[in-house]
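Accompanying notes for the structure given below.
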Amino acid sequence: MKLKILLFAVMSFPFLWSCDKEEIPVFASNDAGIYFQRLTSTVYGSTTEYYSDSTDFSFAGMYAYYTSHVLNAPVLTMGKVVDYDRPFKVVVDMEESTAIEGIDFEIELDSLVIKAGTSNAVVPVRLLRTETLLEKSLKIVLRLQENEHFKCYLETYKNTNLYTVKGEQISGVRYVFTFNEMYTQPNFWKNYAEQDYFGEWTPQKYQVVNQVCGLTPRDWQYANMYGYKVQTARLPFFARTVRIYLQEQADAGNPVKNSDGKYMQLAPNYEVDYSDYQ
């Protein structure tokens, strides 16, 4: 009886294996494909990956001397790797983009190439730090286009390589950069720095204070904590330093203004003299 059970189990194994087997379609073409794909995360201990077709960025938190920042749109190819360089084509979708090339960003689209022996590249975009970013977010939309080397087979695809997850559909031909430098008033400014030192908070004034005093949003977030620059005892020094800077700009004929067009002013004890402009 035991022998019959054993033989039945052995004979049934191939049948059970065939039921679990799933045919997975693979790319099979003499033409090469190209698509955008940014790896966003992985699952530890597995081969699971998640992807995106966009990047969000903020200049908030970066020191004021950073006037630009470069981000990359990753590009991957489908098909065989070859032993020669292959140019690929990307354009800026001006209808969908709200950022203006040459003013809000810089990009070089004439030298994009998949190098010989490789299957990927990046499209670098230099974001320019302007005052516009203090008020609103801007968007850059890139689109892949077919050429003699590559076809755009993946209009959309799932955002994960895990077959058991439904996932979301993302674009293989459209990549979006969204960027800004939008701030909110720190509680410490409102409670301790506004009335006696810096006056009413504005995004422009906040940026100037941080620039002149070498501060970051984290210094404000963790004010009065050890290791961070914003301390109650330092506020008089910071206010004097900012007043000196604003007065120097005014005396040189370059008065600093807020977005409403008014001259940037501090609390009464640290007022800047704008009498030459009134």
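The values are calculated or read from the model by the stated rules, or taken from the named source; none is laboratory data. Predicted model, so just to flag it, every value in this text is computed and none were measured. Glycine gets a Cβ as well: all are built from the backbone with ideal geometry, and neighbour counts include every protein chain shown. Areas reflect the complete protein model, heavy atoms only, side chains present, ligands, DNA and RNA absent. Shrake-Rupley method; radii C 1.70, N 1.55, O 1.52, S 1.80 Å.
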Next item on the list: State the number of residues belonging to the range 63-98 that are without any contact (Cβ under 8 Å) to a residue 60 or more places away in the chain, of a type in the set (A, V, I, L, M) and part of a loop (DSSP other than H, G, I, E, B).
Entry: 3
Next item on the list: Identify the residue in the range 192-210 that is of a type in the set (S, T, N, Q) and out of contact with any strand residue (DSSP E or B) (no Cβ under 9 Å at 6 or more places or on another chain) and, among all such residues, is most open to solvent (accessible area, probe 1.4 Å).
Entry: Q195
Notebook entry, point to check: From E194, E200, which residue is part of a loop (DSSP other than H, G, I, E, B) and among the acidic types (D, E)?
Noted result: E200
Note to self: Every residue in the range 218-230 that is open to solvent by less than 40 Å² (accessible area, probe 1.4 Å), touching a residue at least 12 places away in the same chain (Cβ under 8 Å) and under 24 Å from the mean Cα position of the chain (by Cα), please.
What the structure shows: W220
Next item on the list: Residue by residue through the range 99-115, note down the ones that are assigned to a loop (DSSP other than H, G, I, E, B) and charged (D, E, K, R).
Entry: D104, E108, D110, K115
Checklist line | Test result for R218, in a helix (DSSP H, G or I) and modelled with pLDDT of 95 or more | finding: no
Checklist line | Single residue of the range 41-62 satisfying the filter (open to solvent by 50 Å² or more (accessible area, probe 1.4 Å), touching a residue at least 24 places away in the same chain (Cβ under 8 Å) and among the hydroxyl-bearing types (S, T, Y)) that is farthest from E146 (Cα to Cα) | finding: T47
Notebook entry, point to check: Mind checking whether some residue in the range 171-191 is over 27 Å from Q247 (Cβ atoms), open to solvent by less than 20 Å² (accessible area, probe 1.4 Å), assigned to a loop (DSSP other than H, G, I, E, B) and touching a residue at least 40 places away in the same chain (Cβ under 8 Å)?
Noted result: yes
Next item on the list: Could you pull out the residue among L134, L144 that is closer than 23 Å to S68 by Cα, under 25 Å from the mean Cα position of the chain (by Cα) and in contact (Cβ under 8 Å) with a residue 40 or more places away in the chain?
Entry: L134
Next item on the list: Residue by residue through the range 242-259, note down the ones that are closer than 18 Å to V212 by Cβ, within 32 Å of the chain's Cα centre (by Cα) and assigned to a loop (DSSP other than H, G, I, E, B).
Entry: V256, N258
Notebook entry, point to check: Out of all the residues in the range 136-163, which are within 17 Å of S58 (Cα to Cα) and loosely packed, with under 13 Cβ neighbours inside 10 Å?
Noted result: K136
Item checked: Per-region count, the range 82-113, residues under 25 Å from D31 (Cβ atoms) and out of contact with any strand residue (DSSP E or B) (no Cβ under 7 Å at 6 or more places or on another chain) -> 5
Next item on the list: Quickly run through the range 260-277 and pick out the residues that are assigned to a loop (DSSP other than H, G, I, E, B) and in contact with a strand residue (DSSP E or B) (Cβ under 9 Å, 6 or more places away or on another chain).
Entry: M264, V272, Y274
Note to self: Among the residues that make up the range 116-132, is at least one of them closer than 26 Å to N30 by Cβ, open to solvent by 30 Å² or more (accessible area, probe 1.4 Å) and in contact with a Gly (Cβ under 9 Å, 6 or more places away or on another chain)?
What the structure shows: yes
Check: Restricting attention to the range 9-29, does a residue exist that is modelled with pLDDT under 95, open to solvent by less than 40 Å² (accessible area, probe 1.4 Å) and touching a Ser or Thr at 6+ places or on another chain (Cβ under 9 Å)?
Finding: no
